[in-house]
Amino acid sequence: MLKIENLHATVDGKQILNGLNLTIPAGEIHAIMGPNGSGKSTLSYVLAGRDGYEVTEGSVTLGDIDLLAMEPEERAVAGVFLAFQAPVELPGVGNANFLRTALNAVRRAKGEAEIDAIQFLKLARARMKVLNMPDDMLKRPVNVGFSGGEKKRNEMLQMALLSPKLALLDETDSGLDIDALKLVADTVNSLRGPAFSALVITHYQRLLTHIVPDRVHVLSAGRIVKSGGPELAEELEASGYGAIQAAAA
Amino acid sequence: MAAVTETIEAVQAVNDGGYKWGFETDIEMDFAPKGLNEDIVRFISAKKKEPAWLLEWRLKAYRHWLTMEVPHWAAVKHPPIDFQDAYYYAAPKQGPKSLDEVDPELLKTYAKLGIPLKEQAILAGVEGAGDSPSEGGRMPIAVDAVFDSVSVATSYKERLAKDGIVFCAISEAVQTHPELVQQYLGSVVPQGDNYYAALNSAVFTDGSFVYIPKGVKCPMELSTYFRINAKSTGQFERTLIIADEGSKVSYLEGCTAPMRDENQLHAAVVELVALDDASIKYSTVQNWYPGDAEGKGGIYNFVTKRAACRGKRSKVSWTQVETGSAITWKYPSCLLIGDDSVGEFYSVAITNNHQQADTGTKMFHIGQRTRSTIVSKGISAGFGQNTYRGLVKISPKAAGARNFTQCDSLLIGDQCGAHTVPYIENRCMTAKVEHEATTSRIAEDQLFYCRSRGLTQEDAVGMIVNGFCREVLKELPMEFAVEAQKLLQISLEGSVG
Ligand SMILES: Nc1ncnc2c1ncn2[C@@H]1O[C@H](COP(=O)(O)OP(=O)(O)OP(=O)(O)O)[C@@H](O)[C@H]1O
Ligand SMILES: [Mg+2]
């Protein structure tokens, strides 16, 4: 279970998150929607532990661990995965090598044996097939020259292989074609289970028809201003954020 | 934040006591008296039972050296070197006359250096170890090991001899193949070429000699491990590789030295000769002791490496990974004399803490349609200073010559420096020269991306740096690529906090 209480965070001295409360029970998928600049990506970075995102108040726990006390890599091996809104390019770093290193870091932390290159290729290829990614993407440098949609699929490949406890998807659906959107949704749905929870950040209700969330929250000015079931996403799609923001102000 | 502090502490521990190759081997040594004069030159020559012509050659070099001045043009700083305060000859007392006599301490040293077990066995003279095909279909590697001033053992010699390949210590080649040595020694790097080359010519003690006969493709990697062990010694090895017409060879040298507070001088000369259609690939993984985190101690690595592509369509490819040494000063070069000959230079140079590197290449285009490629990757961290210095010179006769140069610098932290000094002298209308240069830093978002996937800060830096160097690392023989990658990462530990 992810539990965020009264979270305040600043970036470069600017207050972005203002007392955010959110609980995602294990096994549930929640969606966050909200206007541009409301702090959605900031929340995902704070949860993943990015330098420069300073927590000034509040707490975040995943199960019984205190996430805020941990370095980004410690959070990652503890099961936190962030699918980036804008995945980063790593010139010269082979995708396969990168993925296997990440996977082995996670496996080591779990006390599992590291996997060798051959086993890894088997695993990766199987997942790539499902994601409709060509094999040569393993050989190419991480995200370099990938199209927008390919980058997002690469994030999903990483997520599927690392099988996290908590996945944070920051606008993974943006820029995806209709078929790719389904593939992303399928990947998330395939991880569903009692030990998996996810926070799906999106601007569009369409993704949520494929990944049906347990709860939908609206983030505005760094706080959750409204929560509801999947129908809330449809309401927003129809009426926008204006009314909710006005009510919250 | 605890983890960061711990990591930094762990890394500091590594940095403070941590040069992994910094052990010293306790072996009885035979020294020449300290200092340098004609008698020392005579002593070295006599120790090696050299013919009169070689003694004369050395003396001529010595006399020339006396008239020369220490070069000052490189962008490196160091106190003046007292050439009288060093030993010019140090050899393990137990003479390595046959393989069984190799001192067990020495073999332990090789084990610590990570020389593959198989080769250790061969170096140790295990009966038949060099004849059987190696396990797992791995390519065998023939190893020559130079310990201070003496080549200790060469493995696979008999196997190579079947193809007519000569791979031995240069002092041995002087005895067994005097005509080849006399013909080629100093033919690429003349005795008076530069200050350190002249010094080397006077006092060189050992190094490797390779001759590949006409049409022979050397069936295995040839490799030499150089090690400075004794205190206050310089190492002046001399390597000579001759690839006869249509032959092909890949050669790798690796270097380490114990940790010492004093600076030690390493002034090697490497000469390569490629005749018609011959190809030489020369790879270096240089990890001499770089000095401590404050810049105390470390090797002065002042090396002259030059190749003569004398034959038509000959090819020489230099690949270097320079992670060690307090100061590196070297410019592996190619004289592209034969028409259609090809020169390549792939370099990674890392400077961390107080290391300084001034390195690059010179490509002399003399023959028609000669081509050269230069790819240099400089990485600076800590207070490191990294200079790429290159010369591309195209003579009026080199019609249709081409050069492509790419120099990339990566900065880690804000106390270090990267400098690019490309000289281009093109005196031929039909030649084409291209130069590209970039300077970048490891971006915070790249580090965070890696860390968010579970990689530690050090692993993330290592991975990004290895990615930055990929074009060069892929030129290394497979067996050494992995080692080189690890080395890059170790060299940069503690550079990002
Ligand atoms: N380094 C920074 N300095 C100042 N303000 C910043 C900095 N980084 C982010 N912000 C601001 O924080 C606010 C929240 O940004 P964030 O990226 O979290 O929004 P978002 O909800 O993800 O928006 P979008 O829907 O456009 O992705 C924005 O107003 C942004 O300009
Ligand atoms: Mg965002």
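Points to keep in mind about this one:
- Between residue A:32 and A:200, A:201, A:202, A:217, the built amide H atoms are under 5 Å apart, and every one of these is 5 or more places off in sequence or on another chain.
- Under the Karplus curve 6.51 cos²θ - 1.76 cosθ + 1.60, θ = phi - 60°, whole-Hz ³J(HN,Hα) for segment B:433-447, x wherever Gly or Pro sits: 10, 10, 9, 10, 9, 9, 10, 9, 10, 5, 7, 4, 5, 5, 4
- Binning the alpha carbon pair distances of segment B:313-417 at 5 angstrom intervals from zero yields the distribution 3, 14, 23, 19, 14, 11, 8, 6, 3, 0, expressed in whole percent.
- Value of relative contact order over segment A:2-248, rounded to a whole percent, pairs C-alpha under 8 Å and six or more apart: 28 percent
- Between the C-alpha center of segment A:33-49 and that of segment A:99-153 there is a gap of 26 Å.
- Pairs beyond 30 Å (Cα-Cα), from B:60/B:312; B:60/B:474; B:49/B:77; A:139/B:377: B:60/B:312; B:60/B:474; B:49/B:77
- Pairs of alpha carbons in segment A:109-249 whose separation is greater than 17 Å (percent): 65 percent
- Neighbouring partner chain Cβ atoms per residue of A:131-144, average, 10 Å criterion: 1
- Distant-in-sequence amide H partners of residue B:279 (H built 1.01 Å from N, under 5 Å): B:247, B:248, B:249, B:315
- Relative contact order of segment A:195-236, taken over Cα pairs closer than 8 Å and 6 or more residues apart, is 33 percent.
- Shape parameters for segment A:2-248, alpha-carbon atoms, Rg then Dmax in Å: 17.8, 57
- Fraction of antiparallel bridges per DSSP, segment A:2-248 only, in percent to nearest 5: 60 percent
- ³J(HN,Hα) computed for each position of segment A:239-246 - Karplus, 6.51 cos²θ - 1.76 cosθ + 1.60, integer Hz, glycine/proline x: 10, x, 8, x, 4, 5, 4, 4
- For the chain pair B and A, the interface hides roughly 2200 square angstrom of accessible area in total, found with a 1.4 Å probe.
- Most to least packed among B:272-278, B:175-181 [average Cβ atoms within 10 Å]: B:272-278, B:175-181
- Apportionment of accessible area to carbon and sulfur, segment A:2-248, percent (1.4 Å): 50 percent
- Solvent exposure of segment A:2-248 amounts to 41 Å² per residue of accessible area, where only protein heavy atoms count and the probe is 1.4 Å.
- Residues with amide H under 5 Å from that of residue B:253, placed H, sequence gap 5 or more: B:224, B:283, B:284, B:285
- Loop-located trypsin sites (Lys or Arg not before Pro) in segment B:447-497 (DSSP state not H, G, I, E or B) with no more than 15 neighbouring Cβ atoms inside 10 Å: B:474.
- The 3J(HN,Hα) values that the Karplus relation (6.51, -1.76, 1.60; θ = phi - 60°) gives for segment A:133-148 are, in residue order, 9, x, 3, 5, 5, 6, 7, 6, x, 3, 6, 6, x, 6, 6, x Hz. Gly and Pro appear as x.
- Qualifying trypsin sites (Lys or Arg not before Pro) in segment A:59-168, DSSP loop, other Cβ atoms within 10 Å at most 16: A:139
- Dipole of segment A:67-139, positive end: most advanced residue of A:128, A:99, A:117 [Cβ charges, Cα centre]: A:128
- Full-extension gain in nm, residue B:56 to residue B:397, via 0.36 nm per residue minus C-alpha separation: 119.1 nm
The values are calculated or read from the model by the stated rules, or taken from the named source; none is laboratory data. Since this is a predicted model, take the numbers as computed values, not measurements. Counting neighbours? That spans all protein chains shown, and the Cβs are built from the backbone with ideal geometry, glycine included. The accessibility values were calculated without ligands, DNA or RNA, using every heavy atom of the protein model including side chains. Shrake-Rupley method; radii C 1.70, N 1.55, O 1.52, S 1.80 Å.
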